[in-house]
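Below: one structure, written as structure tokens.
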Amino acid sequence: MSRTKTLVLTALFVALVAIGAFIRIPTPLVPITLQFACCLAAAQILGVKGGNSVLIYLVMGLIGLPVFTEGGGFTYVLKPSFGYLIGMVTGTYMCGLIVKLKGDKIAFRLLGSFVALVIVDLFGATYMYLIYRYYLHTVIPIGELAVSAVALFLPTDILWCCLTALAGYKISKFTTRSNR
């Protein structure tokens, strides 16, 4: 992929992740958004470089641009949901790495998406627990946290994993043919 195409797609995915933050369904602890789907799409299309889109988005929010679900600024690191953003950066890079290595096989694209899902949920739930416990001094039972911070999102997240892996696979076949 040319450098220009990569830069344009990176900027597009930065915008899509930002827009995805505002398309949300409210839930008790963290809203369901389209951010995860946009992160997976970035990894499926750009490979490892897809992580750059999410990292740029994260930096934009931390320097104060109101691109996060609840605004922006460095103090956002104290929000219980901030761990999901860290997980999205890490998960997108890992998914992109798996796609880069074996993206010609749909099973590996699915594996990359599900690895990203595990990373996002692990970072998100762990960070949320730590912020609630040690910063907000509120104890959330692990069972309640597992339901509210992970299980609630699983149906849509599994759908996003499958759809983005399939779309990435189909798009890669199309772009490979058109580059001959």
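The values are calculated or read from the model by the stated rules, or taken from the named source; none is laboratory data. The structure presented is a predicted model; accordingly, all values stated were derived computationally and were not measured. All Cβ positions, even for glycine, are placed from backbone atoms using ideal geometry, and neighbour counts span all protein chains on display. Areas reflect the complete protein model, heavy atoms only, side chains present, ligands, DNA and RNA absent. Shrake-Rupley method; radii C 1.70, N 1.55, O 1.52, S 1.80 Å.
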Quickly rank 37-44, 86-93, 145-152 as a protection proxy: mean count of other C-beta atoms within 10 Å, highest first. 37-44, 86-93, 145-152
Rolling a 1.4 angstrom probe over the protein heavy atoms, how many square angstrom per residue are accessible across region 1-117? 46 Å²
Reviewing (1) 9.9; (2) 13.6; (3) 25.6, the figure for mean projected area of the Cα convex hull in nm² actually calculated from this model sits under (1)
For region 20-114, radius of gyration divided by Kirkwood radius, i.e. Rg to Rh on alpha-carbons: 1.01
Of Lys100, Lys105, which has the most accessible area and how do the rest follow, probe 1.4 Å? Lys100, Lys105
From the backbone phi of region 165-174, what are the Karplus-calculated ³J(HN,Hα) couplings (6.51 cos²θ - 1.76 cosθ + 1.60, θ = phi - 60°) in whole Hz, Gly and Pro given as x? 5, 5, 4, x, 4, 5, 5, 5, 5, 5
Using alpha carbon centroids, what distance separates region 1-57 and region 58-118, in Å? 8 Å
For n ≥ 4 DSSP H runs only, could you compute -39500 (n - 2.57) per run for the chain, divide by its residues and tell me the 222 nm figure to the nearest 500? -23500 deg cm²/dmol
Give the carbon-plus-sulfur fraction of the accessible surface of region 1-116 in %, rounded to a whole number; probe 1.4 Å, heavy atoms of protein chains only. 74 percent
Percent accessible area from carbon and sulfur atoms, region 121-162, protein chains only, probe 1.4 Å: 75 percent
Of the lysine pairs in the chain, how many meet both conditions: Cα atoms under 21 Å apart, and a spacing of 8 or more in sequence or different chains? 15
Once amide H atoms are built 1.01 Å from N in the peptide plane, which residues 5 or more positions from Leu65, or in another chain, come under 5 Å H to H? Gly73
From the phi of every residue in region 35-46, what ³J(HN,Hα) in whole Hz does the Karplus formula 6.51 cos²θ - 1.76 cosθ + 1.60 yield, where θ is phi - 60° and glycine or proline is x? 4, 4, 4, 5, 5, 4, 4, 4, 5, 5, 8, 9
